[in-house]
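Read the figures in this text as sums done on the coordinates, not as results from a lab. Bear in mind that the values here come from a model prediction, so they are computed numbers and not experimental data. No Cβ is skipped: glycine too gets one built from the backbone with ideal geometry, and neighbour counts run over all protein chains shown.
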Amino acid sequence: MSPRAIVRSFVIAGMMFGASTAIATPIDSTLLTTIGVPATIDNTDGGAFTSFDISFADAAGYDYIADRSNASVDIINGATNTVVAQPGGFVGHKATSSTSGPAGALVAGTGAVATLFAGDGNSNVLSFNVSNPGAPTPAFPPISPGGTFRADEMAYSPTAHVVLVANNAD
């Protein structure tokens, strides 16, 4: 089967799966709480939390939100519903999503060490040691996967210890 046929089959299968789930009964939901996100000195949106990308929840109960307004990743303790740290150094909220950062985020662990990786609007990936999520420290120098625009979606292979980063805006 040619690569084009495989892609076409995948798209058709995805459309069929989407169609089958679209008729599902909606689930009622209730807002349980809100969590205030403090403005950082690098906030680009007048002190407000208005621009973000993705979040990554780890097994330890922390949520890592790519917060473009604050040019940081907000680390939220799910047990206390509080922001415990906001490691920064990102470009922040810009005119377009393709140049804003942080973008994609994930936490990869190798034993006792947990590393937060987050893409930036200038095509760099910044990393922080978050073994203690309340006191993150830089892990590696900025990593450039190549390209001009944001480094975004990420995946981690725990068996190969490899992080995959997409520059989808390039």
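Observations on the model:
- Under the convention that each Lys and Arg Cβ holds +1 and each Asp and Glu Cβ holds -1, the size of the dipole of the chain around its Cα centre is about 420 debye.
- The chain: calculated mean residue ellipticity at 222 nm from DSSP helix runs of at least 4, using -39500 (n - 2.57): -4000 deg cm²/dmol
- Label-to-label distance, nm, for residues given as residue 137 and residue 95 (7 Å Cα→Cβ offset): 4.0 nm
- According to the Cα-based calculation, Rg over Rh for the range 68-115 is 1.06, with Rh computed by the Kirkwood formula.
- Max mean-square fluctuation residue, GNM over the chain, Cα-Cα springs under 10 Å, options 108, 160, 151: 160
- For the chain, the longest principal axis of the C-alpha atoms and the axis of helix 3-22 are separated by about 80°.
- The chain: C-alpha pair distances exceeding 22 Å, %: 51 percent
- Calculated FRET value between residue 33 and residue 162, using beta carbons and R₀ = 45 Å, to 0.05: 0.80
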